[in-house]
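This report refers to the structure that appears directly beneath it.
The values are calculated or read from the model by the stated rules, or taken from the named source; none is laboratory data. As the structure is a computational prediction, the values presented were derived from the model and not from experiment. Don't worry about glycine lacking a Cβ; one is built from the backbone with ideal geometry, like all the others, and counts go over all protein chains shown. Surface areas here come from the heavy atoms of the whole protein model, side chains and all, with no ligands, DNA or RNA. Shrake-Rupley method; radii C 1.70, N 1.55, O 1.52, S 1.80 Å.
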Amino acid sequence: MFEEIVEGFVKGEKRALSKAISFVERFPDKAHLLISEISKKTGRNLISEDIYILGITGPPGIGKSTLISQLVKRIKGGVILCDPSSVKVEGGAILGDRIRIHIESPSSEENGGKNGVFIRSIGTRGEKGGVSVNTNDIVNLYILFGFKNIIIETAGTGQTETEISKIADTVILVLSPESGDEIQFMKSGILEIADIIVLNKADRPMADRIYNEIRIAIDTAHMVLSGIGKDVKWKPPIIKTVAKDGVGIDELMLAIEQHKAFLKNSNYIIEKRKERVERDFVNGLTKKMFEVLENLQIYRKVKDEVLEGKKDPYSAIEEVYQFISEKMS
Ligand SMILES: Nc1nc2c(ncn2[C@@H]2O[C@H](COP(=O)(O)OP(=O)(O)OP(=O)(O)O)[C@@H](O)[C@H]2O)c(=O)[nH]1
Ligand SMILES: [Mg+2]
């Protein structure tokens with residue numbers, strides 16, 4: 001199975017890409033074996049500067065998927081839709097989003113991803129942060145497959161998601177005239193989350209009032225942060241859209257290009273790439289090392305003592321740590 005996936009992947013077969021994603025979702029503990037094989041065979045570089053990752057976040061029903069269906073008419077590449085799924089669902093997500101996007105641009109994995117767009121929805125499986133644990137691996141698979149652009153939609157969970165800002169180069173926060181509460185909630189952290197703010201559903205009443213409230217929230221946050229010496233060279237633009245009618249998409253594309261240029265000029269992209277692969281390495285290795293630890297007799301003995309209340313977790317940590325560092329020195 002491995003070889004067949006790797007072979008098809010190297011040949012650029014979208015079915016092999018889809019199988020590789022399913023493999024990573026189903027066997028997270030073996031994902032690194034498959035991806036390392038693919039990485040060796042494709043020879044593509046995960047920290048290359050000409051890859052661009054766009055994240056789209058915002059409350060449920062705000063229009064993220066509709067916006068993506070407009071963007072994929074102009075930005076070709078891989079799309080990941082994170083759907084809120086609380087339980088392990090075979091085959092990933094509840095298909096909500098993919099159906100919606102599939103209808104608008106006939107380019108999903110079923111028909112081999114023609115028109116240069118490949119769409120995959122994955123369940124967050126109860127993971128906090130609006131993205132699934134596999135998102136980073138799937139981004140890497142898209143990069144190794146040769147996609148230059150990757151778009152990620154976080155699961156809309158009412159809370160504004162920050163995890164996405166660790167993965168994406170540009171984060172678009174989508175709001176609407178009904179987002180009064182979110183804006184109050186976000187005031188302080190708005191600049192930490194969003195590089196571009198989209199006020200979608202601008203066809204709805206109160207759009208101008210909410211636009212001004214967002215404007216004030218950004219200006220205030222910008223003033224406060226620059227006041228405490230924080231580096232706030234980029235000030236998020238606010239773009240009004242009516243995603244269902246494709247209104248405002250040109251302006252949004254321009255804002256995306258401007259942020260991309262800003263990132264390139266300030267070398268942020270390379271820094272971000274390195275942070276991402278470092279996280280993949282450290283997180284992946286920590287997980288594997290824990291498997292080793294779990295098999296150590298000392299670990300099981302001390303853990304039982306902690307569970308029986310015979311030992312506090314702190315001395316237990318030190319005991320196992322001392323044991324391992326002595327063995328390794
Ligand atoms: N009035 C209006 N409705 C819109 C607009 N954009 C999207 N919608 C509608 O809003 C509803 C939700 O849109 P989605 O794109 O599914 O929203 P979402 O943010 O992806 O939702 P989740 O994935 O469930 O978090 C759909 O019925 C869209 O047709 C808009 O600009 N104006
Ligand atoms: Mg959606």
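All of Lys274, Lys327, Lys288 fail the test of being farther than 30 Å from Ile172 by Cβ, basic (Lys, Arg) and open to solvent by 90 Å² or more (accessible area, probe 1.4 Å), apart from Lys327. Within the stretch 135-174, the set of residues being assigned to a loop (DSSP other than H, G, I, E, B), open to solvent by less than 10 Å² (accessible area, probe 1.4 Å) and at pLDDT 90 or above comprises Thr154, Ala168, Asp169.
Tell me, yes or no, whether the stretch 211-231 has at least one residue that is within 16 Å of ligand 1 (Cβ to nearest atom) and touching a Ser or Thr at 6+ places or on another chain (Cβ under 6 Å). Within the stretch 211-231 (the criterion being within 16 Å of ligand 1 (Cβ to nearest atom) and touching a Ser or Thr at 6+ places or on another chain (Cβ under 6 Å)), the answer is no, since none of the residues qualifies.
Filter the stretch 204-230 down to the residues that are open to solvent by 90 Å² or more (accessible area, probe 1.4 Å) and charged (D, E, K, R), then identify the one that is nearest to Ile68 (Cα to Cα). Among them, the one singled out is Arg204.
The set of residues in the stretch 254-268 that are closer than 22 Å to Asn136 by Cβ and without any contact (Cβ under 8 Å) to a residue 40 or more places away in the chain contains only Asn267.
Here is a check on your reading of the model: is Leu263 within 16 Å of ligand 1 (Cβ to nearest atom), crowded, with 19+ Cβ neighbours inside 10 Å and part of a helix (DSSP H, G or I)?
When the stated conditions are applied, Leu263 does not pass them.
Give me the pairs: first residue in the stretch 269-287 and over 12 Å from Asp137 (Cβ atoms), second residue part of a helix (DSSP H, G or I) and open to solvent by less than 80 Å² (accessible area, probe 1.4 Å), beta-carbon distance under 7 Å, and six or more apart or on different chains, which are they? So the pair list comes out as Ile269/Leu263.
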